[in-house]
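First the structure, in the form of structure tokens, and then the observations on it.
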Amino acid sequence: MNRIGFVLKVRQDRIDEYKAHHRKVWPEMLAALREAGWHNYSLFLRADGLLFGYFETPHDLATATAQMAATEVNTRWQEFMAPFFESPDNARPDQMLMELEEVFHLA
């Protein structure tokens, strides 16, 4: 199992709305994540909009995101969430994940 950590930047003026949408993630999106092998998925948000995400998967990040990108619900979710993120080229959030290197893990 691979542990994937990543960062993104939520627009500060959209933080409250972003959090509200994550209290009620679409059931079909949750199912697609599980079917694509995303486990223990968590998001952590700093007050300035820095978002840290973490999930476990049997795949690498490229494969895990490609499996999600192949689903219709992910396309809708990413397009819906795109305005919440700082993006220099209007990329979808799942195209901007900046993967972090794991340097320590206490098992």
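The values are calculated or read from the model by the stated rules, or taken from the named source; none is laboratory data. What you are looking at is a predicted structure, and each value in this text was computed from that prediction instead of being measured. Methodologically, a virtual Cβ is constructed for each residue, glycine included, from the backbone with ideal geometry; neighbour enumeration extends over all protein chains shown.
Side notes on the structure shown:
- So Glu99, is it exposed (fewer than 12 other Cβ atoms within 10 Å of the Cβ), within 14 Å of the chain's Cα centre (by Cα) and modelled with pLDDT under 95: no
- When each of Gly53, Gly37 is tested for being in a loop (DSSP other than H, G, I, E, B) and under 24 Å from Lys24 (Cβ atoms), the lone residue that passes is Gly37.
- Breaking point among (1) in a helix (DSSP H, G or I); (2) of a type outside the set (S, T, N, Q); (3) in contact with a helix residue (DSSP H, G or I) (Cβ under 9 Å, 6 or more places away or on another chain), for Ile4: (1)
- Just one of the listed residues (Glu28, Glu56, Glu17, Glu86) is surrounded by 12 or more Cβ atoms within 10 Å (Cβ to Cβ), in contact (Cβ under 8 Å) with a residue 40 or more places away in the chain and within 18 Å of Asn2 (Cα to Cα), namely Glu56.
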